[in-house]
Amino acid sequence: IALGIILGEFSVRLVSNTLSSIYSVYDQTGFVLSAVSIIKAMLIGITAVLAAALIPSLESRFIKPVSLIKGSYFNNNFQRIIPYLFISGVLLLGFGLYISTILSSDITFTFAGLFIIIIGYTALVPALMVVLAKILNRYAKSFLGKIYLIPCRNYLVSIDKNYIATASLTVAVAVFLSMTVLIESFRSTLSVWLTDTFSSDLFISAVYRPGENKGLSMDILNNISSVDGVTDIGYSRKIDIRTQSYGKINLIALSKNPPIKPQIVSGLVNEFEDIDNTSSASVIISESFSNRYKDRLKDGYISVPTNKGDQQFLIAGVYSDFATQTGTLILDYDLFSKYWDDDRLS
């Protein structure tokens, strides 16, 4: 546990330094681990050990000493349950696929379904091993000779032991391949998002630190306009607000010609510039925020605290966002100035 905390702190600092070097100053370097998380880890570890020891302990109570003399005792018993493992595996695979793809889009259910799929697959491995060994016995003899039958038959008579190693290896390879696909997919998606979202040629930014809402004066727009070669300027304001229903929210106000182009994936509008055409004061929200609080936002409105009291805004769209984990709301800069009395820039 102590080593895990040290590695966690080290990892957070590495990521924070990378973000600060490439994008903007990011001073989130603390690694917070609650006592509840440590207790959970201890309980899971102890439970896993007890669960692994339970079946052999119970089995040892009913084994006759004379049976242990036979080397094939455990293997014969294991081969008798292979058909039941196969049926269980098929059922678990079907149930896992149903949970992760049909039952719910919630990420918790998706991971639960994935875990059940892995367990179901490992239950299928013994039957697949037996089928593969019989196919090899039938056809490989003519190609490799009789000497091949020795390791192949030894493989079958020790299937109760070989099964564990084979299942572990296949799951490990599957996880490796899945992570490779995941990383490559995320890289390509992030690249497209960066290209489409950050469309300006040059960005000028105030140093942003969580918890601080400092910004630049509007006068900077006049200074920039006087520079030769400047054809257009867009601006934004970013602050953090605290809500009772949604916790901390990143609030971003964009000008009519925004420096970033939110990629709207669903909603009443297709482009951020169309937000003024809605029937009431409107915002667009990040996709992660929408997924997290979809039950509370199902009426299509969100209420947030402003300098003029709680205000209700129409949710005009949902946009893809990779920049923050917490909720993000984007609204028109004029609407922001009206309710927050803020004329600073980020």
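The listed residues are S188, S178, S168, and the only one of them that is assigned to a helix (DSSP H, G or I) and either farther than 21 Å from G89 by Cβ or in contact with an Asp or Glu (Cβ under 8 Å, 6 or more places away or on another chain) (or both) turns out to be S188.
Regarding L114, is this residue at pLDDT 85 or above, under 25 Å from A172 (Cα atoms) and either surrounded by 16 or more Cβ atoms within 10 Å (Cβ to Cβ) or of a type in the set (S, T, Y) (or both)? Criteria not met by L114.
Among the residues that make up region 123-134, is at least one of them hydrophobic (A, V, I, L, M, F, W, C), assigned to a helix (DSSP H, G or I) and modelled with pLDDT under 75? No: region 123-134 contains no residue that is hydrophobic (A, V, I, L, M, F, W, C), assigned to a helix (DSSP H, G or I) and modelled with pLDDT under 75.
Of all positions in region 272-287, none carries a residue that is of a type outside the set (G, A, S), touching a Phe, Trp or Tyr at 6+ places or on another chain (Cβ under 6 Å) and open to solvent by 30 Å² or more (accessible area, probe 1.4 Å). Scanning region 262-282 for residues that are part of a strand (DSSP E or B) and out of contact with any Asp or Glu (no Cβ under 9 Å at 6 or more places or on another chain) yields a count of 1. Scanning region 299-331 for residues that are crowded, with 16+ Cβ neighbours inside 10 Å and not in a strand (DSSP E or B) yields a total of 2. Quick check on region 240-271: of everything there that is of a type in the set (A, V, I, L, M) and open to solvent by 60 Å² or more (accessible area, probe 1.4 Å), which residue is nearest to T306 (Cα to Cα)? Among them, the one singled out is L268. Remark: pairs (first residue in region 318-334, in contact (Cβ under 8 Å) with a residue 40 or more places away in the chain; second residue part of a loop (DSSP other than H, G, I, E, B) and among the charged types (D, E, K, R); Cβ separation under 6 Å; 6+ apart in sequence or on different chains) = T328/D321.
Within region 222-256, if we keep just the residues that are assigned to a loop (DSSP other than H, G, I, E, B) and under 16 Å from I284 (Cα atoms), the residue that is modelled with the highest pLDDT turns out to be S255.
Touching a helix residue (DSSP H, G or I) at 6+ places or on another chain (Cβ under 8 Å), without any contact (Cβ under 8 Å) to a residue 60 or more places away in the chain, of a type in the set (F, W, Y) and open to solvent by less than 70 Å² (accessible area, probe 1.4 Å), is that true of Y121? First the steps, then the outcome.
Values: touching a helix residue (DSSP H, G or I) at 6+ places or on another chain (Cβ under 8 Å): yes; without any contact (Cβ under 8 Å) to a residue 60 or more places away in the chain: yes; of a type in the set (F, W, Y): yes; open to solvent by less than 70 Å² (accessible area, probe 1.4 Å): no.
The answer is no for Y121.
Applying the condition of being touching a helix residue (DSSP H, G or I) at 6+ places or on another chain (Cβ under 6 Å) and small (G, A, S) to region 91-110 and asking which residue is farthest from K294 (Cα to Cα) yields G96.
Quick check: is even one residue across region 37-60 among the hydroxyl-bearing types (S, T, Y), open to solvent by 90 Å² or more (accessible area, probe 1.4 Å) and assigned to a helix (DSSP H, G or I)? Outline the logic, then answer.
From region 37-60, those among the hydroxyl-bearing types (S, T, Y) are 37, 47, 57, 60; that's our starting set.
Then keep just the ones that are open to solvent by 90 Å² or more (accessible area, probe 1.4 Å); that gives none.
No; the residues of region 37-60 include none that is among the hydroxyl-bearing types (S, T, Y), open to solvent by 90 Å² or more (accessible area, probe 1.4 Å) and assigned to a helix (DSSP H, G or I).
Checked against the criteria, R237 does not count as under 22 Å from S346 (Cα atoms), open to solvent by 90 Å² or more (accessible area, probe 1.4 Å) and touching a strand residue (DSSP E or B) at 6+ places or on another chain (Cβ under 9 Å).
The values are calculated or read from the model by the stated rules, or taken from the named source; none is laboratory data. Just so it is clear, the model here is predicted, and its values are computed rather than measured. Neighbour counts run over all protein chains shown; Cβ positions are idealised from the backbone, glycine included. Quick note on the areas: whole protein, heavy atoms, side chains included, nothing else; ligands and nucleic acids left out. Shrake-Rupley method; radii C 1.70, N 1.55, O 1.52, S 1.80 Å.
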